[in-house]
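Before any comments, here is the structure.
The values are calculated or read from the model by the stated rules, or taken from the named source; none is laboratory data. Just so it is clear, the model here is predicted, and its values are computed rather than measured. Heads up, the Cβs are rebuilt from the backbone with ideal geometry, glycines too, and the neighbour counts pull from every protein chain shown. The area values use the complete protein model at the heavy-atom level, side chains included, leaving out ligands, DNA and RNA. Shrake-Rupley method; radii C 1.70, N 1.55, O 1.52, S 1.80 Å.
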There are 2 protein chains.
Amino acid sequence: MTVFRILRVDLSREHFTEEVIKEDLLKRFLGGRGLAAYMALKEIPRGIDPLSPSNKLFIFSGPLSGIATISSSRVNVTTRSPLNGVYTHANAGGNFSYWLRKSGYDGLIIEGKSDEPVYLVIKDGEPKLRPAKHIWGKWTGASTKIILEENGFPPDETKAGVAVVGPAGENLVKFAGIRMSDYERFAGRGGVGAVMGSKLLKGILVWGTRDLNKELVDRAKFMKVNTDIVKRIATHDTTKVLHKYGTNVLMNIVQSIGALPHYNFSGTGKLKDVTPVSEEYIKDHYPTETHGCYNCPIACTQMPTVKSGPFKFTVTEKYVKQEYENTWALGPNVGLTDPEANMKFQKLANELGLDTISLGNTLSMAVELAKNGKLNLDVDWGDAGALEYLIYKIAYRDGIGDDLAEGDYRLAVKYGMPQLFVGSRGQGLPAYDPRALKGFAIAYYTANRGGDHLEAYTPTWEIFGVPEKVDPFCETQECIEKQARIVKWNQDIFAVVDSTVFCKFENLMPNIDTEKDFADLYNAAFGWDLTPQDVLTIGERIFNVERLHWVREGKWIKDELPPRMREPIPDGPAKGHSAAKMFDEGIKVYYKLRGWVDGKPMRDTLKKLGLEEFEYLL
Amino acid sequence: MTVFRILRVDLSREHFTEEVIKEDLLKRFLGGRGLAAYMALKEIPRGIDPLSPSNKLFIFSGPLSGIATISSSRVNVTTRSPLNGVYTHANAGGNFSYWLRKSGYDGLIIEGKSDEPVYLVIKDGEPKLRPAKHIWGKWTGASTKIILEENGFPPDETKAGVAVVGPAGENLVKFAGIRMSDYERFAGRGGVGAVMGSKLLKGILVWGTRDLNKELVDRAKFMKVNTDIVKRIATHDTTKVLHKYGTNVLMNIVQSIGALPHYNFSGTGKLKDVTPVSEEYIKDHYPTETHGCYNCPIACTQMPTVKSGPFKFTVTEKYVKQEYENTWALGPNVGLTDPEANMKFQKLANELGLDTISLGNTLSMAVELAKNGKLNLDVDWGDAGALEYLIYKIAYRDGIGDDLAEGDYRLAVKYGMPQLFVGSRGQGLPAYDPRALKGFAIAYYTANRGGDHLEAYTPTWEIFGVPEKVDPFCETQECIEKQARIVKWNQDIFAVVDSTVFCKFENLMPNIDTEKDFADLYNAAFGWDLTPQDVLTIGERIFNVERLHWVREGKWIKDELPPRMREPIPDGPAKGHSAAKMFDEGIKVYYKLRGWVDGKPMRDTLKKLGLEEFEYLL
């Protein structure tokens, strides 16, 4: 029997409890995002302030995390989001998940609030809280290093797992993230870093020698399944491209189809050349190191640096982990295509501990509000010096930065232009215009954490044609229905991926049959007897539990398309397209497929998924 | 009888005491720097850590501050310096001194340490401590504004006096300053901001309606003397130049005689063109506002801004108060002549609360150490992006910034090259190479607060020929002796100016007879009967009391010339000159004039000055 070992850390009482989640619950929610969504719904009281001691942080690996397998060392962080007020799950790669499991625990639940800044150290099942007053205020790079060195490790992030918040988390910036080893991995979205900061928890170090193979019922059988999958991934062309260029290979691709949002989505298609912020250009012009998460055959991390000029880095830690979303959010979306300013901005976001996507959303919102005369700020699109100054001011909540630290949605509301907000459930959008990649017109707006591209990633079909090509401009009723089905399927299977906790890249590869592969892996690992359909049902169960967080709070239950997304794209290859029809028609199909009414699961749906215990919330 | 009203604020016990200093003590030490030096020597225990609650901050106006008179609204801050470990006095213009006196007190003594961040508000003799947790972390501009607004004032720094520390003070950066209203005035040197930060005192607001004229024995007589002096100042050409260009008119002048230090004084004369950071150039190329301290006929403040590019400001408070020392320290001394980077650096120093001179000293030291392979830092002379990043890291003590936050002297010692330090008593030098303006070869190294140009300012003679021209390259024994006398006289009279507390600009004007004017002012104001010689004796008494701080601590008593100043200037109009002869010969004359041996007052000297009570320290 496999179990899920949790360490519950009550910071108010400085008390640790070990808890074991039994196999029957794992079979229903796996670990990671799924198990955390379920436990959070049961444990976090209704109506509480996300930054109060009553909130909890669920930092969970999954049943298969860190065992030699496909891109498996990811970690999920679930909490009541200070950004959207209700719910978020954030997810990071690196090695934290691996070392967390090695330390003896599969998950951590952090509750209460410390009296003084502390950090948590777990070595081989021995947890302790250590004072962190001397690290409070330090940026994420230095904090990680100090925590490693104070605990007998070299300043090498591969040797132990470290999670830290930066000044942004300490200062309760609503979109602060948690930096995870190794090297600038982030649990970014929804303000998980502010929750950690509100608890005066500066960091977590995990390390140990637990033999994860012992968790397997039949290691040989498991390795056979695993080796087959790894082989399929490792030899695939997509892997080669990702290894060479990382996620930012998307910059030119998405721009070429007119789906790269420019100027807070107000000018998609208007920036004619984004080449200087594409990874092809950057790797050609800047020294770049590459890196991979623990035991990952893809190793997609690209780490370029700026060696001269006004945006030079000059710190011991010279390279920045660059990703497509980050590059876009702090580049084209703020009208900036200077690669050096862009890399510096990403470096600053990572060092100060800010979610790059929401930072970009917020900066672009500030520019629009300023240009509309609503905000007394002298800043324009692509205004590198001004934007850099604002990044610091946000992290430290200084002056106007105090307003910006509340995020794009609250900023737009406060300054009287909520119609400029393009996200959903209070969280801004990632790097794809849903009017040109219309699967996102459903996926973004139904996402349970708000404005999100990782609960379902429809460009897999629309751009890469995996497993089959779907028209991104999708106009016919047939296509719309197909997209609704894709989104639903993808949301369910990604809920499984996020609960396992694996990376989503394998989904991009046509030789991967996700639900079957996951069934095979779980069955081999633990002697379960899941069918591919069972795997999907687990995903659906998780997705519905997440939606119940919104139902319980009575906030943003119904999915909505913001006004700007009903306007046509102003320029470029996708000029004239809007998301209105896709959303209006698609959502009807989608709700039907989900067994939902106006964004809310029906009683029968909960019953079908074995969620009767939550019927009282309806 | 005039008295000096002190509010003693014990932050540990949240207790206020009013104290009155009687006229007999004022006649010996006046107020400001003099009275504070005396009281600090009696009150601050020997050997204590400057950042411990046992240290005290003396924030003193002077007996004539804020009364309609010459450039009189300056304030003196005295404390045990965290930078040099023993003693500093820092001095700021603006209006704080005026509003402090209007509030009912001539001086504040801050002692102990608060449990939580607080700020002090004094309105018309009613002091109270208010919580400042919500302002802790804010930069100086925003902090000033919040404190004004919370206390019923518009966000206009002319309406009340406000003193605040920024992140640098909170983070105990050893050269943090205290920002004083109005508009980026600073009590900069010696780390007074770190002392305020160590006490968890974020700010001070002072305001009131006390009629300062009532302090005068004979207002009509006083105004007659005053009007005559003001007339002489206001009509002088120097005033016109200072009003037009501010102190940074010195940039081209000092460069032209080869006395502008470049590259941490290692390359004086090597930068061939510093025009872009001269005020003439800046006022021609950048929008600039001008401003004056309270009731000052000179109004020298120049406030330019950067409206575009990588160093654009973009904050509500758009202008930076630019001074010659600041421009030099963060310009030519770090090998930088880009006026936009330079203005942004000054803005950052002011916002983050750093002493610009020591910041420049420290950055240039870091560059030299890096170029010598001692510091693992990729930074070069004039490296604007890298240097900007380091400024933030210093203020937040992040990573290598933690070492830099200790200041240039400790940095040089830690990384094994103390010979690169060019200051004295642990404090770095200001903007004149003492090998080309040799009066400073005595003045800098005998200064009681270390590396200082305002205890005596010999360029008055060497550059401006006021009251007579003295050769700055001064080689003959006759000239050396003359310089030693000038330094001694200037130190004594400036001790009086700093204790009154006035501005020193009038000393630049040949139609001012300082000791006579001060005697006339004091006699008219309070019915005293000081002779000009009495005025000088008061100055000498103060200067000796300051030196006793060093004697008591047994640290840096003997004045010393650092090795680099014995080397010849490598380039430019002053090429080949060294400070060795001037110092070695001059100091002998100087000690004789002072009645000192090896930097220590003789028993007879103390007796002559009425300082017998401190004989036990010898």
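Residue-level result for chain A: its Cβ closest to the axis carrying A onto B, with that distance in Å, is A:Pro310, 2.
Kirkwood's formula applied to the C-alpha pairs of the stretch B:385-451 gives a hydrodynamic radius of 13.1 angstrom. Size of the stretch B:493-577: Rg and Dmax of its alpha carbons, in Å, are 18.4, 55. Shielding of peptide A:127-140 by partners, expressed as the average count of other chain Cβ atoms within 10 Å per residue Cβ, is 2. Once you treat every alpha carbon in the stretch B:287-380 as an equal point and sum by Debye, what is log10 I(q)/I(0) at q = 0.19, 0.25 Å⁻¹? Log10 I(q)/I(0), no solvent term: -0.91, -1.28. Label zone (B:Asp380, point 7 Å along Cα-to-C-beta; backbone nitrogen cut-off 20 Å) within the stretch B:312-351: B:330-342.
Assuming a ≥ b ≥ c are the square roots of the Cα gyration tensor eigenvalues, decide whether the stretch B:439-617 counts as rounded (a/c under 1.5), prolate (otherwise, with a/b larger than b/c) or oblate. Oblate shape, in that a/c is at least 1.5 and b/c is the bigger or equal ratio.
Chains B and A together bury roughly 3100 Å² of accessible area, counting both sides, with a 1.4 Å probe on protein heavy atoms only. Applying the Karplus relation 6.51 cos²θ - 1.76 cosθ + 1.60 with θ = phi - 60° to the stretch B:71-80 yields 3J(HN,Hα) values of 6, 9, 8, 10, 10, 10, 10, 10, 6, 6 Hz, where x marks Gly and Pro.
The calculated 222 nm mean residue ellipticity attributable to helices in chain A amounts to -11500 deg cm²/dmol, summing -39500 (n - 2.57) over DSSP H runs of n ≥ 4 and dividing by all residues. Remark: mean inter-chain Cβ contacts per residue of B:96-103 equal 0, using a 10 Å Cβ-Cβ cutoff to other protein chain atoms. The value of relative contact order for chain A, using C-alpha pairs under 8 Å at least six residues apart, is 15 percent.
Extension gain, A:Asn151 to A:Glu289, is 47.0 nm, computed as 0.36 nm per intervening residue step minus the present C-alpha separation.
Pairs exceeding a 18 Å alpha-carbon distance, out of A:Lys102/A:Lys214; B:Lys231/B:Lys321; B:Lys145/B:Lys202; A:Lys102/A:Lys516; B:Lys438/B:Lys581: B:Lys231/B:Lys321; A:Lys102/A:Lys516.
Which shape class applies to the stretch B:494-538: rounded if a/c is under 1.5, otherwise prolate when a/b exceeds b/c and oblate if not, where a ≥ b ≥ c are the square roots of the Cα gyration tensor eigenvalues? It comes out prolate by the Cα gyration axes. Taking a cut-off of 14 Å, what percent of all Cα-Cα pairs in the stretch A:197-243 are separated by more than that? Tail of the P(r) past 14 Å holds 71 percent of the pairs. Modelled spin-label separation between B:Leu593 and A:Arg564, with each label point placed 7 Å from Cα along the Cα-to-Cβ direction: 6.9 nm. Measuring nothing but how far apart in sequence close Cα pairs (under 8 Å, 6+ apart) lie, relative to its length, the stretch A:439-617 scores a relative contact order of 23 percent.
An ellipsoid equivalent to the stretch A:72-162, defined through the eigenvalues of its Cα gyration tensor, has semi-axes of 21, 18, 14 Å when rounded to whole angstrom and sorted largest first. Averaged over the residues of peptide A:398-404, the number of Cβ atoms from other protein chains lying within 10 Å of each residue's Cβ is 5. About the centre of its Cα atoms, the stretch A:122-168 shows a dipole size close to 200 debye [charges on the beta carbon of Lys, Arg (+1) and Asp, Glu (-1) only; nearest 20 debye]. Placing +1 on the Cβ of every Lys and Arg and -1 on the Cβ of every Asp and Glu, with nothing else charged, gives the protein assembly as shown a dipole about its Cα centre of roughly 1180 debye. Coupling constants for the stretch A:377-382 follow from the phi torsions by the Karplus curve (6.51 cos²θ - 1.76 cosθ + 1.60, θ = phi - 60°), and in residue order they are 8, 8, 8, 10, 4, x Hz; glycine and proline get x. Surface composition of chain A: carbon and sulfur atoms hold 51% of the protein heavy-atom accessible area at a 1.4 Å probe. Computed from the C-beta positions of B:Glu615 and B:Arg485, the FRET efficiency with R₀ = 41 Å rounds to 0.95. Under the simplified labelling scheme, the B:Asp571-B:Gln533 pair shows an inter-label distance of 5.2 nm, with each label point 7 Å from Cα along Cα→Cβ. Each residue, B:Thr209 and A:Ala220, gets one label point 7 Å from its Cα in the Cβ direction; the gap between the two is 9.6 nm.
Rounded to the nearest whole angstrom, the semi-axes of the ellipsoid equivalent to chain A, taken from the Cα gyration tensor as √(5λ), stand at 32, 29, 24, largest first. Between A:Arg130 and A:Ser308, the C-beta separation translates, for a Förster distance of 51 Å, into a calculated FRET efficiency of about 0.80. Take every pair of alpha-carbon atoms less than 8 Å apart whose residues are at least six positions apart; their mean separation over the length of the stretch A:1-135 yields a relative contact order of 27 percent.
Net charge dipole, the stretch B:439-617: roughly 540 debye, given to the nearest 20, about the Cα centre with Cβ charges of +1 for Lys and Arg and -1 for Asp and Glu. Taking 0.36 nm per residue of separation and subtracting the current Cα-Cα distance, fully stretching the chain between A:Arg46 and A:Glu280 would add 79.5 nm.
Sorted from shortest to longest, the distances between the A:Asp380 label points of this copy and the other copies are 3.1 nm, with each point 7 Å from Cα along the line through the beta carbon. In this calculation the C-beta distance from B:Lys555 to B:Ala580 is compared with R0 = 25 Å, giving a FRET efficiency of 0.55. By definition, a body whose alpha carbon gyration tensor gives a ≥ b ≥ c is oblate when a/c is 1.5 or more and a/b is not larger than b/c, and the stretch B:400-528 fits this oblate description. State which entries of B:Lys270/B:Lys347; A:Lys272/A:Lys575; A:Lys138/B:Lys312; B:Lys27/B:Lys558; A:Lys371/A:Lys393 exceed 22 angstrom in Cα-Cα distance in the structure shown. Checking Cα-Cα distances, B:Lys270/B:Lys347; A:Lys138/B:Lys312; B:Lys27/B:Lys558 exceed 22 Å.
Computed from backbone phi with θ = phi - 60° and the Karplus coefficients 6.51, -1.76 and 1.60, the 3J(HN,Hα) list for the stretch B:331-336 is x, x, 5, 9, x, 10 Hz; x is used for glycine and proline. Take the stretch A:4-215, drop everything but the C-alpha atoms, weight them equally and run the Debye formula without solvent; then report log10 I(q)/I(0) at 0.18 Å⁻¹ to two decimals. Here the Debye-derived log intensity ratios amount to -1.28.
Enumerate the aspartates and glutamates that A:Lys555 could reach by cross-link, defined here as Cα to Cα under 20 Å, with residues fewer than 8 away along the same chain left out. Within the straight-line cut-off, A:Lys555 pairs with A:Glu43, A:Asp49, A:Glu406, A:Asp408, A:Asp452, A:Glu455, A:Glu546, A:Asp598, A:Glu615. Ellipsoid fit via the Cα gyration tensor, the protein assembly as shown: semi-axes of 63, 29, 28 Å, each the root of five times an eigenvalue, largest first.
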